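Computed from the coordinates by the stated procedures, all read-outs in this text should not be read as laboratory data. Bear in mind that the values here come from a model prediction, so they are computed numbers and not experimental data. Please note: Cβ atoms are built from the backbone with ideal geometry, for glycine as well, and neighbour counts cover all protein chains shown.
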Amino acid sequence: MMTTFGLLIAALAAYWVYNDAKGRGHETGTALLWSVGTLAALVVFLPLYLLLGRKQPVQPRRHDDIIDIEAVPVEETIKCPMCGGLVKEDFKACPYCSFSLKPACTACGKELNREWRLCPYCQTPTDVK
C-alpha cells in the first residue's frame, strides 16, 4: 500500500515537472529527462529541478530597428538622361528638368523608343531628339 502511494506521488510529481518544464521553455527532451529523473528519484530530482531547472520562459526580443525588406515596396527608379535625377520608371517626364522620358507618337499616342525615327504603329515620322 505504501509503495503504491509513493509511486503515485512520484508519478504526479514527474507529470508536474514535465508540464512545468515545457511551459517554461525547455525543449521536449530536456523536460522528459527532468520528468524521468523525478519519477526515478523524487527526493533528489524534484529539489534539483526546483533550484536549477525552473528557468523563465524565453521571450523573443523585438528588434524595432530591423526592416523586413520583403514587406517594403520597392520603387524602380531610373536616371534621367538629361539631368541625372532619379525618377520612377513609370514617369513619362522628368519632374526636375521636364525632359520627356518616354516620348509618344504625335499621331497615334503609342510609346516610342528614342532611337526610332518612324512610328512602327502608324508610320508617322517622329520628332524625338
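Neighbours of Lys79, meaning other residues whose beta-carbon lies under 13 angstrom from its beta-carbon, give a summed charge of -1 when Lys and Arg score +1 and Asp and Glu score -1. In a fully extended conformation the segment linking Ser98 and Glu115 would gain 4.2 nm over its present Cα-Cα distance, using 0.36 nm per residue. Full extension of the chain segment joining Phe5 with Leu86 gains 21.1 nm, where the gain is 0.36 nm per residue of separation less the Cα-Cα distance. Exposure proxy shown here: for Ile78, Ile9, the number of other Cβ atoms within 10 Å sets the order, fewest to most, as Ile9, Ile78. Each peptide in 114-121, 101-108 gets a packing score, the mean of other Cβ atoms within 10 Å over its residues, and the list from highest to lowest is 101-108, 114-121. Shown here is the pair-distance distribution of segment 75-129: with all Cα-Cα distances grouped in 5 Å bins from zero up to the longest one, the shares run 4, 23, 26, 18, 16, 11, 2 percent.
Taking amide H as placed 1.01 Å from N in the peptide plane, Ala93 has its amide H under 5 Å from the amide H of Leu101, each at least 5 places away in sequence or on another chain.
Measuring max minus min along each principal axis, the C-alpha atoms of segment 2-53 give extents of 35, 17, 13 Å (largest first).
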